[in-house]
Every structure is written in C-alpha cells, then in structure tokens.
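Data block below; observations after.
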C-alpha cells in the first residue's frame, strides 16, 4: 500500500500506477480482502481505459485478475464480459502484429 500511496502523491494516474494497482490486488485477495482487490483492479482498468489507446495488452493482467476474482464470487456474467474484452484485445493485437510482418 505504501508504494501505491507514493505513486498517487507524486503524479496523476499513469501506466506505472496501474501496474502497482494490478500487482497489489492479488496480495489483497490472498490477505482476505477481495473487495479491496476488486477496487484496485477496477482502478487499474480505469487508468488504462482513460489512456489514448484504450485497453491494450498491458491491461490483460488486470482484466484476467478481476475476472478470476468475480468467478470466485460467483459473479459469472460480469466475469464473462471481461473474458470477452480480453479475447478482443488478444485478437486485435495478434492481427496487428501479423499485418506488420
């Protein structure tokens, strides 16, 4: 939590801050605070969504982590929406890489 506090105090939301949030979320799950983990995942996704390129492959760990957390909470419909977003990101970027070859 201290690293997150430092990032928040030094600058506006950034990809680095999203990484810190995403890395902290599984720790909060393991320590028995899944509600806090969900907030962290969602904040990380909000930062990525606000970036000019929107969701990108860097968003996948947060999307997949949140999806897994939602499944554990039996919130399957929400998890499936995230899984669809993850698949879309993978397809989009795979096609882009193939076209660039």
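A few comments on the model shown:
- Qualifying positions in segment 72-101 - at pLDDT 90 or above, surrounded by fewer than 11 Cβ atoms within 10 Å (Cβ to Cβ) and not in a helix (DSSP H, G or I): 74
- Residue list for segment 1-25, filter: modelled with pLDDT under 65 and either assigned to a helix (DSSP H, G or I) or within 11 Å of the chain's Cα centre (by Cα) (or both): 3, 4, 5, 6, 7, 8, 9, 10
- Apart from one condition, residue 41 fits all of (1) surrounded by 13 or more Cβ atoms within 10 Å (Cβ to Cβ); (2) at pLDDT below 85; the exception is (2).
- Residue within segment 51-59 that is closer than 13 Å to residue 21 by Cβ and either in a helix (DSSP H, G or I) or in contact with a helix residue (DSSP H, G or I) (Cβ under 9 Å, 6 or more places away or on another chain) (or both) present: yes
- So residue 69, is it buried (at least 19 other Cβ atoms within 10 Å of the Cβ), more than 10 Å from the chain's Cα centre (by Cα) and assigned to a helix (DSSP H, G or I): yes
- Condition met for residue 46 (surrounded by 12 or more Cβ atoms within 10 Å (Cβ to Cβ), under 12 Å from the mean Cα position of the chain (by Cα), assigned to a helix (DSSP H, G or I) and at pLDDT 90 or above): no
- Remark: pairs (first residue in segment 34-48, in contact (Cβ under 8 Å) with a residue 40 or more places away in the chain and on the phi < 0 side of the Ramachandran plot; second residue crowded, with 22+ Cβ neighbours inside 10 Å and assigned to a helix (DSSP H, G or I); Cβ separation under 8 Å; 6+ apart in sequence or on different chains) are absent.
- Hits in segment 26-35 - residues which are in a loop (DSSP other than H, G, I, E, B) and either surrounded by 14 or more Cβ atoms within 10 Å (Cβ to Cβ) or in contact with a helix residue (DSSP H, G or I) (Cβ under 7 Å, 6 or more places away or on another chain) (or both): 33
The values are calculated or read from the model by the stated rules, or taken from the named source; none is laboratory data. The structure presented is a predicted model; accordingly, all values stated were derived computationally and were not measured. Cβ: placed from backbone, ideal geometry, glycine included. Neighbour counts: every protein chain shown.
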